[in-house]
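Have a look at the structure below, then the notes.
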Ligand SMILES: Nc1ncnc2c1ncn2[C@@H]1O[C@H](COP(=O)(O)OP(=O)(O)OP(=O)(O)O)[C@@H](O)[C@H]1O
Ligand SMILES: [Mg+2]
């Protein structure tokens with residue numbers, strides 16, 4: 001657990017740091033981008049204002065020249081106006097607020113509007129008198145530029161003029177902004193925030209910022225929009241995507257690694273526990289027959305048993321316990337050979353029936369002693385089957401040992417040998433305690449014993465079935481189990497009838 005924490009914590013810290021620094025980097029690039037956009041907007045605004053100023057100064061200059069030479073001469077002023085398409089209309093007003101030019105209105109509606117405008121200009125410009133400056137005045141949605149000129153006879157006059165929005169867009173904005181701003185879109189917004197001019201369509205574009213024009217276009221703004229093909233932003237996005245992918249992979253690796261490590265640790269812990277159990281079980285299994293042999297041996301040695309039949313009985317017990325002992329030791333030794341990859345099999349054609357009977361012989365005493373009903377069914381005309389007789393006998397003995405050991409009150413044993421599906425099927429059936437379904441796959445694992453009290457109360461080291469499976473597989477066969485708790489079990493050893501599939505020496 002501690003190891004997992006030790007792996008996961010630094011990995012998470014690294015990932016978090018990476019994430020934070022990425023976000024910071026993203027933010028600073030964004031800031032830089034805005035800074036650049038601001039510079040761009042300011043520069044563009046200045047350029048527009050300069051162009052505007054240039055045209056308007058030239059216009060005022062011409063008007064000044066006309067009025068200085070010829071006073072309010074309508075024809076000459078008309079000509080000046082015609083020469084400057086940007087200027088839509090011109091008004092000249094004297095110090096008393098009288099409109100000196102134009103004298104004649106184009107149409108009655110225009111007359112009203114113009115007169116009104118002239119009056120307002122006059123009112124609003126009163127403060128301008130004497131300052132000799134030019135200023136922009138916004139009135140009723142109309143922008144007027146007001147400047148001072150000096151007439152020959154009429155003295156100082158206010159020259160007010162309005163711009164033609166179409167010409168402004170075409171000749172000033174478009175001309176000034178055409179060459180500016182690659183990668184971004186420059187747009188001019190009016191006092192309502194509506195685009196007056198934009199180099200390309202703005203539908204999808206994201207607005208970065210807007211700066212106000214200084215004087216020539218009061219309340220208008222120069223806005224910068226991110227272009228669709230914004231290379232910096234694309235690079236940032238790509239970088240973020242790459243990092244995200246790496247981040248996800250990293251997290252995935254951490255999770256998978258943690259799970260694998262955890263499972264490995266759990267398996268190892270489980271194995272260590274099983275091994276400890278194994279040592280305890282084997283020692284116990286060795287000790288019990290030894291004490292029985294010793295006790296009976298000593299009793300006989302002391303000549304305390306007078307009757308011959310009792311003596312015979314004692315000899316049999318000693319022999320049986322010695323057999324058990326050697327079976328156990330052989331099991332353990334074979335198991336260690338298998339584990340070390342040193343187990344050899346000598347596979348030759350063997351008659352099945354004698355092998356079954358010989359193996360059962362070793363269990364005659366315990367079977368009779370515990371009053372087992374035994375039923376042996378060996379199919380007639382069984383062919384000789386290629387096998388290592390000793391190994392298969394040992395496997396069968398293990399199955400018989402289990403059947404006896406894990407039987408309760410209903411003591412019955414069925415041993416069957418027949419050909420089934422092209423295989424030799426050697427089965428051992430009992431009506432014992434049975435094995436829960438969930439445990440059935442694990443009982444063939446080394447050291448594994450079902451963790452129930454009725455199993456644990458019976459002696460065993462947990463290597464018997466592992467050995468059986470190994471023998472079966474070494475012959476190219478397998479071992480299967482059908483069992484249900486309380487009803488009994490049937491283990492079947494299935495070996496191929498023809499040699500060749502086996503793995504001698506495996
Ligand atoms: N016929 C059976 N009926 C019920 N449970 C069985 C039977 N055969 C095996 N088992 C269960 O499978 C487990 C594994 O059996 P295995 O023969 O490998 O070990 P064991 O009998 O405990 O020890 P040993 O190494 O001495 O044979 C047993 O502990 C038991 O729980
Ligand atoms: Mg066993």
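The values are calculated or read from the model by the stated rules, or taken from the named source; none is laboratory data. Being a predicted model, the structure only gives us computed values, none of them experimental. For neighbour counting, all protein chains shown are included, and Cβ atoms are generated from backbone atoms with ideal geometry for every residue, glycine included.
Hey, any hits in the range 286-296 for a residue that's in contact with a helix residue (DSSP H, G or I) (Cβ under 8 Å, 6 or more places away or on another chain), closer than 22 Å to residue 331 by Cα and within 16 Å of ligand 2 (Cβ to nearest atom)?
Yes, the range 286-296 contains at least one residue that is in contact with a helix residue (DSSP H, G or I) (Cβ under 8 Å, 6 or more places away or on another chain), closer than 22 Å to residue 331 by Cα and within 16 Å of ligand 2 (Cβ to nearest atom).
Consider the range 231-271. How many of its residues are surrounded by fewer than 12 Cβ atoms within 10 Å (Cβ to Cβ) and in contact (Cβ under 8 Å) with a residue 40 or more places away in the chain?
Matching residues across the range 231-271 total 1.
Of 80, 72, which residue is in the same structural domain as residue 157 (by TED's automatic domain parsing), buried (at least 16 other Cβ atoms within 10 Å of the Cβ) and at pLDDT below 90?
The conditions single out 72.
So in the range 422-440, with the set limited to residues that are more than 8 Å from ligand 1 (Cβ to nearest atom) and touching a residue at least 60 places away in the same chain (Cβ under 8 Å), which one is surrounded by the most Cβ atoms within 10 Å (Cβ to Cβ)?
426
Is one or more of the residues making up the range 318-330 exposed (fewer than 14 other Cβ atoms within 10 Å of the Cβ), free of Cβ contacts under 8 Å to residues at least 12 places away in the same chain and over 60 Å from the mean Cα position of the chain (by Cα)?
yes
Of the residues 425, 391, 397, which is over 22 Å from residue 320 (Cβ atoms) and touching a helix residue (DSSP H, G or I) at 6+ places or on another chain (Cβ under 7 Å)?
Just one listed residue meets the conditions, 391.
Would you be able to say whether some residue in the range 462-470 is more than 8 Å from ligand 1 (Cβ to nearest atom), touching a strand residue (DSSP E or B) at 6+ places or on another chain (Cβ under 7 Å) and under 28 Å from residue 377 (Cα atoms)?
So far as the range 462-470 goes, yes, one or more of its residues are more than 8 Å from ligand 1 (Cβ to nearest atom), touching a strand residue (DSSP E or B) at 6+ places or on another chain (Cβ under 7 Å) and under 28 Å from residue 377 (Cα atoms).
Going by the structure shown, is residue 417 under 23 Å from residue 357 (Cβ atoms), more than 12 Å from ligand 1 (Cβ to nearest atom), in contact with a strand residue (DSSP E or B) (Cβ under 8 Å, 6 or more places away or on another chain) and touching a residue at least 12 places away in the same chain (Cβ under 8 Å)?
yes
Out of the residues in the range 441-461 that are more than 13 Å from residue 406 (Cβ to Cβ) and near ligand 1 (Cβ under 9 Å from one of its atoms), which is surrounded by the most Cβ atoms within 10 Å (Cβ to Cβ)?
Ranking the candidates gives 461 first.
Step by step: first the residues of the range 361-381, then only those that are surrounded by 14 or more Cβ atoms within 10 Å (Cβ to Cβ) and under 12 Å from residue 416 (Cα atoms), then the one that is farthest from ligand 2 (Cβ to nearest atom). Which residue is that?
This residue is 379.
Going through the range 210-241 one residue at a time, which ones are at pLDDT below 85 and in a helix (DSSP H, G or I)?
Listed by number, the residues that qualify are 231, 232, 233, 234, 235, 236, 237, 239, 240.
Can you find a residue in the range 397-407 that is closer than 27 Å to residue 279 by Cα, at pLDDT 90 or above and under 44 Å from the mean Cα position of the chain (by Cα)?
No, every residue in the range 397-407 fails to be closer than 27 Å to residue 279 by Cα, at pLDDT 90 or above and under 44 Å from the mean Cα position of the chain (by Cα).
Give me the pairs, please: first residue somewhere in the range 367-383 and farther than 22 Å from residue 320 by Cα, second residue anywhere and in a loop (DSSP other than H, G, I, E, B), beta-carbon distance under 8 Å, and either six or more positions apart or on two chains.
As it stands, the answer is 382/351; 383/497, since those pairs meet every condition given.
Just to be sure I understand, how many residues within the range 95-107 are on the phi > 0 side of the Ramachandran plot and modelled with pLDDT of 80 or more?
Here the count works out to 0.
Name the residue that is farthest from residue 55 (Cα to Cα), counting only residues in the range 183-196 that are in contact with a helix residue (DSSP H, G or I) (Cβ under 7 Å, 6 or more places away or on another chain) and crowded, with 18+ Cβ neighbours inside 10 Å.
Top of the filtered list is 184.
So residue 445 clears everything in (1) within 14 Å of ligand 2 (Cβ to nearest atom); (2) over 23 Å from residue 334 (Cα atoms); (3) out of contact with any helix residue (DSSP H, G or I) (no Cβ under 6 Å at 6 or more places or on another chain) except one condition, right? Which one?
(2)
Which one of 92, 117 is in a strand (DSSP E or B), at pLDDT below 90 and in the same structural domain as residue 144 (by TED's automatic domain parsing)?
Result of the check over 92, 117: 92.
Kindly evaluate residue 231 against the criterion of being under 30 Å from residue 322 (Cα atoms) and not assigned by TED's automatic domain parsing to the domain that holds residue 449.
no
Give, as residue ranges, the helices (runs of 4 or more DSSP H) completely inside the range 349-423 that count at least 3 residues that are within 21 Å of residue 469 (Cβ to Cβ).
Passing ranges, in order: 352-361, 389-405.
Consider residue 62 against the criteria (1) at pLDDT 90 or above; (2) at positive phi: it satisfies all of them except one. Which criterion is unmet?
(2)
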